[in-house]
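Heads up: the structure comes next, in structure tokens.
The values are calculated or read from the model by the stated rules, or taken from the named source; none is laboratory data. Predicted model, so just to flag it, every value in this text is computed and none were measured. Note that we place each Cβ from the backbone using ideal geometry, even for glycine, and neighbour counts take in every protein chain shown. Protein only, heavy atoms only, side chains kept; ligands, DNA and RNA dropped before computing areas. Shrake-Rupley method; radii C 1.70, N 1.55, O 1.52, S 1.80 Å.
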Amino acid sequence: MQSAIRHLQSDTVQYLKARLGDISAFDIANDLLVAISGIDMFFRNQEDFLATKELLKPCFAVSEETDRREYGDFQTPSKLADSICSHLTAENISPDVIIEPTFGKGSFLLSAVKLFGEVKEIYGVEIHEPYYWQTKFSILEYFINNRKQNKPKIFLYHNNVFQFDFGTIEKSIGRHNVLILGNPPWVTNSELGSLDAHNLPGKSNFKALNGLDAITGKGNFDICEYIILMMIKLFSKYNGHMAMLTKNAVIKNLIYDLPKMNYNIHNSSALRINAKEHFDASVEASLFKCSFGRDDNQSAFLCKVSMLASPNVVENTFGWVRDKFVSDMTSYGTHKKYDGVSQYIWRQGIKHDCSNIMELDSLSGNKYRNGLGQEMNIENDMIYGLIKSSDLHSPVITQHRKHVIVTQRMIGESTAHIEYQSPKLYQYLLQNKHHFDQRKSSIYKNKPLFSIFGVGEYSFKPYKVAISGLYKRSSFSLVLPVNGKPLMLDDTCYHLGFDNITDAIFVWAVLNSVHVQELLASITFLDAKRPYTKDVLMRLDINQVACDMTYEEIVAQIGSLDKTMIVDVNEDKWIIFREQFTNVKDKGGDQPSLFACQILIPSPLAGEG
Ligand SMILES: C[S@@+](CC[C@H](N)C(=O)[O-])C[C@H]1O[C@@H](n2cnc3c(N)ncnc32)[C@H](O)[C@@H]1O
């Protein structure tokens, strides 16, 4: 409350002092304030009232909670809230009831009272008490200065949105038009985990993910997404709209889940804002807008993207085109024939969650230094060159900066043999066992000592075609062995492995062709944390693209490769390469012998492997 009163103009303070000065009971003060501002129960009790009167006296100290990361606290500047509400009124959205589930310092509520002339009731919830007071006093101040303005009934609650009972609000909506407005917290459940914070809904697996998806990161969600879904579930059965500021990743998830979750919304759009300018946040964000109610048209599963500043200029449309999720519907039309099922199984690189111990710099011979600066002499046989996302910047990779210890050849393999096979390495691992024991992920539970993931026969293939999952660039690199040993990729990369360089070159050329590159542009979301995922890569129908490419196109594609690499590349080999997939089908599913790489006979998308 202290900081709320500190934000008032001195005229407002004088006004309140004069009007409240002679009043001694909070309910009489409340009668006066509801008449001035529409705010119901301005003071919750006598204590609130006396505290306010005390604070209206000159001089008081202010102490504010500083670390509000747990609450995803990015307050909307009033200028932005005003332009959003102006946009909504220009779209003829004229709500009777407005609900702001996490109102903060109240910029949306203030814009709403200013700009929605017909609104009858406003409801808001906020967990942080100083903001609760600041909003109340700001609205009071607004009505003191604008006495003729339409005065809705305003109900503000200091409460946790996850515990608040929205039932009472629902009752008052009836046939009225509702608008869910606001900007819910910008924080993910895993960020909360790292802050050891608990600002979470009771049931956090609200998408009912299976155990593996929860482990592989699909279980990480934004609190904001949960709140938006909660509002959709509660209020989409009424007439009205939603307009919420949120990260683009959240909007993508909402649209992605539309068919599965059967949400009662349509007419979705994302109006891009400059989050750096408004929130000093380096993230892509937009106003997510939708209408409540069902629309059985297929377009209900699409979302139009434009800028808030020019909402009528649609930049692109993303969402579901039949059973395919696409980022750009228009360009997708040209390349959709290549959107199928990959004949090869894409693999994520090695995961160990122990980089200080497992990733090494080579000093000389058998001498290495780990991430803690410890130097050691260890056997080389389980040590491989390591390529990370940041290393995949050129078409061909023949060098590496780091090394990685590969303790297993397949997931779950016993590691007992290391003690005899590489005793010095075993001693090193044993000395650092406590670092492995600290790995939080449940995938390492009840597994052999020093276990890793993302490893299998494919990891040891000499020739690889790889892409970074994290970077925006969609080009694929050819990764070649160094000193006769295959290079390993880390878990930020995806790859295919081959025994034979010519096959690797053909696949690399196909993947870098305009057909695949343009398809990727129309199905990936570059503002996602990981634009390229196994799911996206498994959609690339390499065979179909190969069938549409001539040998001349392949020659043009491989022109930059070193001559020594392409000695075996010729038109006959290309023809045989293209025929392999047809033969797979003809042979009723036998794996063709030419390809030592794992080939997937077309089937529904596989899970993460
Ligand atoms: C991104 S800020 C936006 C505030 C306001 N909606 C606006 O547009 O300026 C998110 C707000 O959610 C509040 N908040 C966070 N967790 C909450 C919870 N569990 N219940 C209610 N409010 C919460 C924070 O205190 C913060 O004020």
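Comparing Cα centroids, region 121-142 and region 16-30 end up 19 angstrom apart. Average projection, convex hull of the Cα set of region 2-55: 3.5 square nanometres. The lysines within cross-link reach of K57, meaning a Cα-to-Cα straight distance under 25 Å and a gap of 8 or more places when in the same chain, are K17, K105, K136. Relative to one another, the C-alpha centroids of region 511-568 and region 296-343 are positioned 21 Å apart.
Computed from label points 7 Å out along Cα-Cβ, the spacing between M307 and N570 is 5.6 nm. Each Lys or Arg adds one and each Asp or Glu subtracts one; over the other residues with Cβ under 15 Å from the Cβ of K388, this totals 0. Maximal additional length on extending the D11-C547 stretch stands at 185.2 nm, based on 0.36 nm per residue less the C-alpha distance. When a 1.4 Å probe is rolled over the protein heavy atoms, the share of accessible surface on the chain that falls to carbon and sulfur comes to 49 percent.
Per-peptide packing, taken as the mean over residues of other Cβ atoms within 10 Å, places 434-444, 300-310, 173-183 in the sequence 173-183, 300-310, 434-444 from highest down.
Each other residue within a Cβ distance under 13 Å of Y123 adds +1 if Lys or Arg and -1 if Asp or Glu, for a net charge of -4.
For region 69-321, averaging the sequence separation of C-alpha pairs within contact (under 8 Å, six or more residues apart) and dividing by the residue count gives a relative contact order of 17 percent. To the nearest 0.05, what FRET efficiency results for D562 and N356 with a Förster distance of 41 Å applied to their C-beta separation? In this case the efficiency is close to 0.70. Its relative contact order, with pairs defined as Cα atoms under 8 Å and 6+ residues apart, puts the chain at 11 percent. For the set M410, M329, M549, the ranking by accessible area, highest first and with no ligand, DNA or RNA atoms included, is M410, M329, M549 under a 1.4 Å probe. Other residues with beta-carbon under 14 Å from the beta-carbon of L156 carry, at +1 per Lys or Arg and -1 per Asp or Glu, a net charge of -2. On a 0 to 90° scale, report how tilted helix 571-586 is relative to the longest principal axis of the chain, with both axes built from alpha carbons and the result rounded to the nearest 10. With rounding to tens, the tilt is 70 degrees. Between the residues P259, N159, G174, the greatest Cα displacement towards the positive end of the dipole of the chain, with unit charges on the Cβ of Lys, Arg, Asp and Glu, is found for G174. The phi torsions of region 77-83, fed into the Karplus equation with coefficients 6.51, -1.76 and 1.60 and a -60° offset, translate into couplings of x, 4, 4, 5, 4, 4, 5 Hz, rounded to whole numbers, with Gly and Pro shown as x.
Taking label points 7 Å from Cα along the Cα-to-Cβ direction, K260 and S3 give a separation of 3.8 nm. Using the Stokes-Einstein relation with a Kirkwood hydrodynamic radius computed over Cα pairs, the translational diffusion coefficient of region 371-522 at 20 °C and a viscosity of 1.002 mPa s comes to 126 µm²/s.
Quick check: the angle from helix 46-55's long axis to the longest principal axis of the chain, C-alpha only, nearest 10 degrees? Tilt of helix 46-55: around 90 degrees. When each of the peptides 2-9, 495-502 is scored by the mean number of other C-beta atoms lying within 10 Å of its residues, the order from highest to lowest reads 495-502, 2-9.
List the residues of region 1-27 whose backbone N lies under 19 Å from a point placed 7 Å from the Cα of Q46 along the Cα-to-Cβ direction. Once the point is set 7 Å along Cα→Cβ of Q46, 20-27 turn out to lie under 19 Å by backbone N, inside region 1-27.
Convex hull volume of the Cα atoms of region 243-303, normalised per residue: 65 Å³.
Here the gap between E54 and R147, fully extended at 0.36 nm per residue and compared with their Cα-Cα distance, gives a gain of 30.9 nm. Once both labels are modelled 7 Å past Cα along the beta-carbon direction, what's the D296-D280 spacing in nm? Distance between label points: 5.2 nm. The Rg/Rh ratio of region 314-395, with both radii computed over alpha carbons and Rh defined as the Kirkwood radius, is 1.24. Taken one residue at a time, the phi angles of region 261-267 give Karplus couplings (6.51, -1.76, 1.60, θ = phi - 60°) of 8, 6, 5, 8, 9, 8, 6 Hz. Gly and Pro are set to x. For the chain, the pair-distance distribution built from all alpha carbon pairs, in bins 20 Å wide starting at 0, is 17, 40, 29, 13, 1 percent. Only the Cβ atoms of Lys and Arg (+1) and of Asp and Glu (-1) were treated as charged; on that basis the dipole of region 2-55 about its Cα centre amounts to roughly 200 debye. May I ask you to list the residues of region 475-491 whose amide nitrogen lies under 19 Å from a point 7 Å from Cα along the Cα→beta-carbon direction of R401? Residues passing the 19 Å test: 477-480, 482, 487-491. Each Lys and Arg Cβ is given +1 and each Asp and Glu Cβ -1; about its Cα centre, the chain then shows a dipole of about 460 debye.
Each helix, a run of at least 4 DSSP H residues, gives -39500 (n - 2.57); summed and divided by the residues of the chain, these come to -9500 deg cm²/dmol at 222 nm. Considering only F103, A509, N380, the residue lying farthest towards the positive end of the dipole of the chain is F103, judged by Cα position with unit charges set on Cβ.
Rolling a 1.4 Å probe across the protein heavy atoms gives region 2-55 an accessible surface of 51 Å² per residue. A Förster distance of 60 Å, applied to the separation of the beta-carbon atoms of S364 and D165, puts the FRET efficiency at 0.30.
Once the Cα atoms are used to define both axes, helix 223-235 deviates from the longest principal axis of the chain by about 60 degrees. Counted residue by residue at 0.36 nm each, then reduced by the alpha carbon distance between them, the extension gain from S475 to S414 reaches 18.3 nm.
In region 268-370, taking the dipole from charged Cβ atoms about the Cα centre, the farthest positive-side position among T330, L287, Q348 is held by Q348. Restricting the calculation to alpha carbons of region 69-321 gives Rg and Dmax of 17.5, 59 angstrom. DSSP bridge analysis restricted to the chain gives an antiparallel fraction near 65%, rounded to the nearest 5.
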